[in-house]
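The values are calculated or read from the model by the stated rules, or taken from the named source; none is laboratory data. Quantities reported herein were computed from a predicted structural model and do not represent experimental measurements. Cβ coordinates were reconstructed from backbone atoms using ideal geometry, including for glycine residues, and neighbour counts include every protein chain displayed. These accessible areas exclude ligands, DNA and RNA; they are computed on the full protein's heavy atoms, side chains included. Shrake-Rupley method; radii C 1.70, N 1.55, O 1.52, S 1.80 Å.
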Amino acid sequence: MEAWVLLPAAWLLFGIALCLAEMFEGSMFLLPLGIAALLVAAWLVLQERDLLPAEIALTDWKYALLAYAGMAVASVMLLRRAFRSKGDAKDVNDY
């Protein structure tokens, strides 16, 4: 399991697959998970190019999955805030 968890290409494929699945499903459940996977892929690419400090490096599969879970929660909260309906808007069907 550790072999693929630390590969940016695996996270990239996983993120793209989740985002594509969201296009067909449409319930806004898979999109935050796909975004989080793409962010982990970006984190691992930056780590490979030595653009991130060693203190925040994902050196173990547990840290990579923990970062994925944290980014998934953060992306859920951000997307809920972005797509929240305004309660003040008048409905066109109200006469």
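Listing for the model above:
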| read-out | value |
| --- | --- |
| Complete set of residues in the stretch 1-44 that are β-branched (Val, Ile, Thr), modelled with pLDDT of 95 or more and surrounded by fewer than 19 Cβ atoms within 10 Å (Cβ to Cβ) | Ile16 |
| Subset of the stretch 49-78 (residues that are of a type outside the set (Lys, Arg) and more than 19 Å from Phe14 (Cα to Cα)) | Asp50, Leu51, Leu52, Pro53, Ala54, Glu55, Ile56, Ala57, Thr59, Met77, Leu78 |
| Options Ala67, Ala54, Ala41; residue that is free of Cβ contacts under 8 Å to residues at least 12 places away in the same chain and not acidic (Asp, Glu) | Ala54 |
| Residues being among the hydrophobic types (A, V, I, L, M, F, W, C) and touching a Phe, Trp or Tyr at 6+ places or on another chain (Cβ under 7 Å) - total across the stretch 1-27 | 4 |
| Which numbered condition Asp50 misses (of (1) open to solvent by 60 Å² or more (accessible area, probe 1.4 Å); (2) of a type in the set (Asp, Glu); (3) on the phi < 0 side of the Ramachandran plot) | (3) |
